1. Show the residue pairs that are 6+ apart or on different chains and have beta-carbon atoms under 8 Å apart, the first residue being within region 94-114 and closer than 16 Å to residue 162 by Cα, the second being among the aliphatic types (A, V, I, L, M) and open to solvent by 10 Å² or more (accessible area, probe 1.4 Å).
2. Restricting attention to region 4-32, which residues are part of a strand (DSSP E or B) and under 12 Å from residue 197 (Cβ atoms)?
3. Determine which member of the set 112, 130 is among the aliphatic types (A, V, I, L, M), out of contact with any Cys (no Cβ under 8 Å at 6 or more places or on another chain) and more than 19 Å from residue 142 (Cβ to Cβ).
4. Answer yes if at least one residue in region 198-205 is among the β-branched types (Val, Ile, Thr) and either more than 28 Å from residue 308 (Cα to Cα) or open to solvent by 30 Å² or more (accessible area, probe 1.4 Å) (or both), and no otherwise.
5. Residues in region 188-198: is at least one without any contact (Cβ under 8 Å) to a residue 24 or more places away in the chain, in contact with a strand residue (DSSP E or B) (Cβ under 8 Å, 6 or more places away or on another chain) and either over 20 Å from residue 103 (Cβ atoms) or not in a strand (DSSP E or B) (or both)?
6. Identify, please: which residue in region 170-187 is part of a loop (DSSP other than H, G, I, E, B) and open to solvent by 90 Å² or more (accessible area, probe 1.4 Å) and is, among those, modelled with the lowest pLDDT?
7. From 178, 203, 168, which residue is closer than 29 Å to residue 39 by Cβ and more than 20 Å from the chain's Cα centre (by Cα)?
8. Tally up the residues in region 97-108 that are crowded, with 19+ Cβ neighbours inside 10 Å and touching a Cys at 6+ places or on another chain (Cβ under 9 Å), please.
Amino acid sequence: MPKDTHHLTRKIRLLIDLPDGEEKLELIKKLNKFQNRCFRAANFIVTHLYIQEMIKDFFYLSEGIKYKLADEKKDEMGIFQRSHQNTTYRLVCDKFKGEVPTDVLDSLNNMLRSGFSKTKKDYWEGNCSLKNFRRDIPIPFPPDAMSRINFQKEKGAFCFRLFSIPFKTYLGKDFIDKKILLEQLEKGEVKLCTSQIQLKSGKIYWLAVFEFKKEPKELRADVIAEASLSLENPIVVKINKERFFIGTKEEFLYRRLAIQASRNRIMKGLGSVNGGRGRNKKLKALDKLNDAEKNFVQNRLHEYSKMLIDFCLDKNAGTLILLNQEEKSEMAKNEEFVLRNWSYYDLITKIKYKAEKVGIELIVD
């Protein structure tokens, strides 16, 4: 049965709502400590989950040894002293008790167990390796761990408390929908799900996850849209005899190559730049272009996928078919230029998300 809700994630910049000083530095250290414990706990959890699932293979020299992953009080063949779900939670709680809130450890445990259950089949078949988490892992937390968010006019920001730390949002030039979402959250019109705090490059971000009810649309399953992704035209969609071209090669590929060329020229010129005034001064021009290509691509892919879904909605198409994608994916793997410069998988992911949001059935051929 299809879900009647969908989730939307937004990355929102946060500032600690205190003047610069010792107290603010202590709170930043506190967040860094939480992040470090989450990093260590995550690696502990996935390692133990893997060992628990592989425990049958560890006992291949002996018969009669119990290996059922269940509580021994509820199943005579069980090998655990508590529920399966609770084993990894208690493990990290015992190790990091008092160093990080238990709400964080509980959210981390649930998130990793859910992800592990979806990918464990690939582990057994050798299609992927066990996850290894980095030190910059985000800090998860449940929605009830934060105080009610509210907009304060004198500060011009939405404010709340989390981990006993006062935060305020910094939206900058918000051209998307972050302010609208936060206003809806304040009024209780949308639901906040388990979210994350990310520490990156000396900045704090809130990866907020909002839950919405799917918008009802009068779509007809018998109206089928056929779309094709290519390097010449990012998307070509056809419904009956009507054909619609989304994006152009010049608009997407040439601009991307221009950004790459600009960055390469700067890198070559750095060798002749005089020293002094520090490394940051020398690399200032290069730093400006570090994320330029990534941001450009993400922006264009969001635009293209939205235009495709909007076209389907205008025609009441309830089914969207992406044609010949397996064949094109194999071609992309064999051609380095195409693989480097055309984001097939990312575009398909965005189309899937937007189609699910409005109730369009997506078929990848």
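The values are calculated or read from the model by the stated rules, or taken from the named source; none is laboratory data. Note that this is a predicted model, so its numbers are computed, not measured. Glycine gets a Cβ as well: all are built from the backbone with ideal geometry, and neighbour counts include every protein chain shown. The protein model used for the area step is the full one, side chains on, heavy atoms only, and it has no ligands, DNA or RNA in it. Shrake-Rupley method; radii C 1.70, N 1.55, O 1.52, S 1.80 Å.
1. Here the result reads 101/145; 103/145; 104/145, each pair linking region 94-114 to a residue that is among the aliphatic types (A, V, I, L, M) and open to solvent by 10 Å² or more (accessible area, probe 1.4 Å).
2. First, pick out the residues of region 4-32 that are part of a strand (DSSP E or B): 5-16.
The answer is 11, 12, 13, 14, 16.
3. Values: 112 fails: more than 19 Å from residue 142 (Cβ to Cβ).
Sole residue among the options that is among the aliphatic types (A, V, I, L, M), out of contact with any Cys (no Cβ under 8 Å at 6 or more places or on another chain) and more than 19 Å from residue 142 (Cβ to Cβ): 130.
4. Here is the first cut: in region 198-205, the ones among the β-branched types (Val, Ile, Thr) are 204.
Subsequent filtering for residues that are either more than 28 Å from residue 308 (Cα to Cα) or open to solvent by 30 Å² or more (accessible area, probe 1.4 Å) (or both) retains 204.
Within region 198-205 (the criterion being among the β-branched types (Val, Ile, Thr) and either more than 28 Å from residue 308 (Cα to Cα) or open to solvent by 30 Å² or more (accessible area, probe 1.4 Å) (or both)), the answer is yes, since at least one residue qualifies.
5. Yes: region 188-198 contains one or more residues that are without any contact (Cβ under 8 Å) to a residue 24 or more places away in the chain, in contact with a strand residue (DSSP E or B) (Cβ under 8 Å, 6 or more places away or on another chain) and either over 20 Å from residue 103 (Cβ atoms) or not in a strand (DSSP E or B) (or both).
6. The first filter runs over region 170-187 and keeps only residues part of a loop (DSSP other than H, G, I, E, B), leaving 171-177.
Next, only the ones that are open to solvent by 90 Å² or more (accessible area, probe 1.4 Å) stay: 173, 175-176.
Values: 173: 77, 175: 61, 176: 70.
Residue satisfying both the conditions and the ranking: 175.
7. Working: 178 fails: more than 20 Å from the chain's Cα centre (by Cα); 203 fails: more than 20 Å from the chain's Cα centre (by Cα).
The conditions single out 168.
8. Adding up the residues that qualify gives 4.
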